[in-house]
Amino acid sequence: MSIADPCTACELLLGRGRVPGGLLRREGGFALHALADASPIPGWLVLTSERHARAWYDLAPAELAALGPLAARVMNAQRAVLGAEHVYAFAIGDALRHFHLHLVPRTAATPERLRGRRCFEGRPEDMLGEDALAAAARAVAAAL
Ligand SMILES: [Zn+2]
């Protein structure tokens, strides 16, 4: 699998990417934003490293120390604001130069076929509008 070039995450971090709700927060070397792609899940957020560091093993000790508490706070906000029963965390790292942790809320309304890793397999008709995605992302960020 090829790495994105030019770097789409750098573009996003510079505010040039199109992401519903924009950049929500920067903290501890990471930026919080909604999924920068079509999404079937409202409140699907991503923590992206501000520097090039492909995976957990490339993160500095201070980044690793910041990441856990920050991710847990985002997950708790997703649970409180969106009524999520659970929040999945995925760090795959095949396609970007930046570590990015997907934080994907699962609610009672999440259809079975979009649960777990199948959230990445939404069909075109599953994808939500940008306004709904932006509203959910901003609501979670406001609760942090
Ligand atoms: Zn980059």
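The values are calculated or read from the model by the stated rules, or taken from the named source; none is laboratory data. Everything numeric in this text was worked out from a predicted model, so none of it was measured. Note that we place each Cβ from the backbone using ideal geometry, even for glycine, and neighbour counts take in every protein chain shown.
Within segment 103-118, does at least one residue satisfy the condition of being at positive phi, away from the ligand (no atom under 16 Å from the Cβ) and free of Cβ contacts under 8 Å to residues at least 40 places away in the same chain? Yes, the conditions are met somewhere in segment 103-118. Among the criteria (1) within 17 Å of V140 (Cβ to Cβ); (2) within 13 Å of the ligand (Cβ to nearest atom); (3) of a type in the set (V, I, T), the one I41 does not fulfil is (2).
Residues in segment 78-102 that are out of contact with any helix residue (DSSP H, G or I) (no Cβ under 7 Å at 6 or more places or on another chain), more than 16 Å from the ligand (Cβ to nearest atom), at negative phi and assigned to a loop (DSSP other than H, G, I, E, B): E85, I92. Tallying residues that are surrounded by fewer than 18 Cβ atoms within 10 Å (Cβ to Cβ), of a type outside the set (A, V, I, L, M) and at pLDDT 95 or above within segment 89-114 yields 5. Looking only at segment 72-88, which residues are touching a residue at least 24 places away in the same chain (Cβ under 8 Å), surrounded by 15 or more Cβ atoms within 10 Å (Cβ to Cβ) and closer than 22 Å to A109 by Cα? Result: V74, M75, A77, Q78, R79, V81, L82, A84, Y88. Restrict the check to segment 93-110 and report whether at least one residue is under 17 Å from H33 (Cα atoms), out of contact with any Pro (no Cβ under 8 Å at 6 or more places or on another chain) and among the β-branched types (V, I, T). So far as segment 93-110 goes, yes, one or more of its residues are under 17 Å from H33 (Cα atoms), out of contact with any Pro (no Cβ under 8 Å at 6 or more places or on another chain) and among the β-branched types (V, I, T). Criterion applied to P69, P6 was being more than 27 Å from E125 (Cα to Cα), surrounded by fewer than 17 Cβ atoms within 10 Å (Cβ to Cβ) and within 16 Å of the ligand (Cβ to nearest atom), and the one residue passing it is P6.
Select from segment 53-69 the residues that are touching a Phe, Trp or Tyr at 6+ places or on another chain (Cβ under 9 Å) and either closer than 19 Å to G21 by Cα or assigned to a loop (DSSP other than H, G, I, E, B) (or both) and list them in ascending order. Working first, answer last.
Looking only at segment 53-69, we keep the residues that are touching a Phe, Trp or Tyr at 6+ places or on another chain (Cβ under 9 Å), and these are 53-56, 58-59, 63-64, 66-67.
Within segment 53-69, R54, A55, L59 meet the criteria.
For L12, the test of being surrounded by 13 or more Cβ atoms within 10 Å (Cβ to Cβ), modelled with pLDDT of 95 or more and either not in a loop (DSSP other than H, G, I, E, B) or not aromatic (F, W, Y) (or both) is failed. Just one residue in the set E27, E63, E50 is within 11 Å of the ligand (Cβ to nearest atom), over 11 Å from the mean Cα position of the chain (by Cα) and either surrounded by fewer than 21 Cβ atoms within 10 Å (Cβ to Cβ) or polar (S, T, N, Q) (or both); that residue is E50.
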